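In what follows, a single structure is set out as structure tokens and then discussed.
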Amino acid sequence: MLKTLIAAGVALSLLTGPTWDIEGVPTDEKVTANLAAVNGSGCPAGTVAVVPYPDNTGIILSYSSFFVQRGGDSTVLQGYQNCNLDILMGIPAGFTFAVSRVVYHGYAYVLPGATARLVAKYNFQGQAATTSSYVLNDGKPLDDNWTIIDEFPVAELSWSPCGRDVILTDAFELRVQPYGPSSSLTDVSFVTANKSDHSIRTEINFTWQQCKG
């Protein structure tokens, strides 16, 4: 049913409004994304970047300074990092969008018994936040790049105000909890940048609709 409705929208848009492709993505102008505010221990000035996909289907957030660790001689404060972003989204006229899928990437070295956790929240300004929480290592040791995929059913999507620019707020945090008092300064668990591209990265994917009325 969803694809049928999208196809009908394509036919209508060719006659009366802004254009979109067969998947319902606007095609006559590009989405823009600019950082309006950046706060948090995990994103000092100049260490986070936002880049829109060229096909308007999402944005990429890259964090080059996110690093958390516990164990050894590290402190409790070193086991927690956060970053709160206000992203000014420039939206093509005649469209509204929702966050439908979020993919998180990074690297973790977690010893047996220790726990690494990711918590993320995002919302449009003035709307309630959607919160996701994951244990990266699922109680097991981990020494690898990791990927978390968060997808949302259509019925649970929160839509941006129709036909105008909007602030998308993204709040992201990582925590590491040690397995107990360390016997050695080398008994350290940590979460840091992905080995392949040297950043913790979040991909935020969009679903689009034409404005009604």
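The values are calculated or read from the model by the stated rules, or taken from the named source; none is laboratory data. Bear in mind that the values here come from a model prediction, so they are computed numbers and not experimental data. Glycine gets a Cβ as well: all are built from the backbone with ideal geometry, and neighbour counts include every protein chain shown.
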Any residue in region 145-155 that is in contact with an Asp or Glu (Cβ under 7 Å, 6 or more places away or on another chain) and not hydrophobic (A, V, I, L, M, F, W, C)? no
Residue that is surrounded by the fewest Cβ atoms within 10 Å (Cβ to Cβ) [pool: residues in region 78-119 that are within 28 Å of Lys30 (Cβ to Cβ) and of a type in the set (Phe, Trp, Tyr)]: Tyr104
How about region 135-153: which of its residues are more than 30 Å from Cys211 (Cα to Cα) and either surrounded by fewer than 17 Cβ atoms within 10 Å (Cβ to Cβ) or not aliphatic (A, V, I, L, M) (or both)? Val135, Asn137, Asp138, Gly139, Lys140, Pro141, Asp143, Asp144, Asn145, Trp146, Thr147, Ile148
Only one residue in Asp144, Asp138 is within 21 Å of Glu173 (Cα to Cα) and free of Cβ contacts under 8 Å to residues at least 12 places away in the same chain. Which one? Asp138
Where Gly126 falls short, out of the listed (1) assigned to a strand (DSSP E or B); (2) within 23 Å of Ala36 (Cβ to Cβ); (3) out of contact with any Ser or Thr (no Cβ under 9 Å at 6 or more places or on another chain): (1)
Could you say which residue among Thr32, Thr27, Thr75 is among the polar types (S, T, N, Q), surrounded by fewer than 18 Cβ atoms within 10 Å (Cβ to Cβ), at pLDDT below 90 and in contact with a strand residue (DSSP E or B) (Cβ under 9 Å, 6 or more places away or on another chain)? Thr27
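Considering only region 59-103, how many residues are part of a strand (DSSP E or B) and either at negative phi or of a type in the set (Lys, Arg) (or both)?
28
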Which condition does Ser132 not pass, out of (1) surrounded by fewer than 16 Cβ atoms within 10 Å (Cβ to Cβ); (2) at pLDDT 90 or above; (3) in a loop (DSSP other than H, G, I, E, B), if it passes all the others? (3)
Every residue in region 33-53 that is aliphatic (A, V, I, L, M) and in contact with a Phe, Trp or Tyr (Cβ under 8 Å, 6 or more places away or on another chain), please. Val48
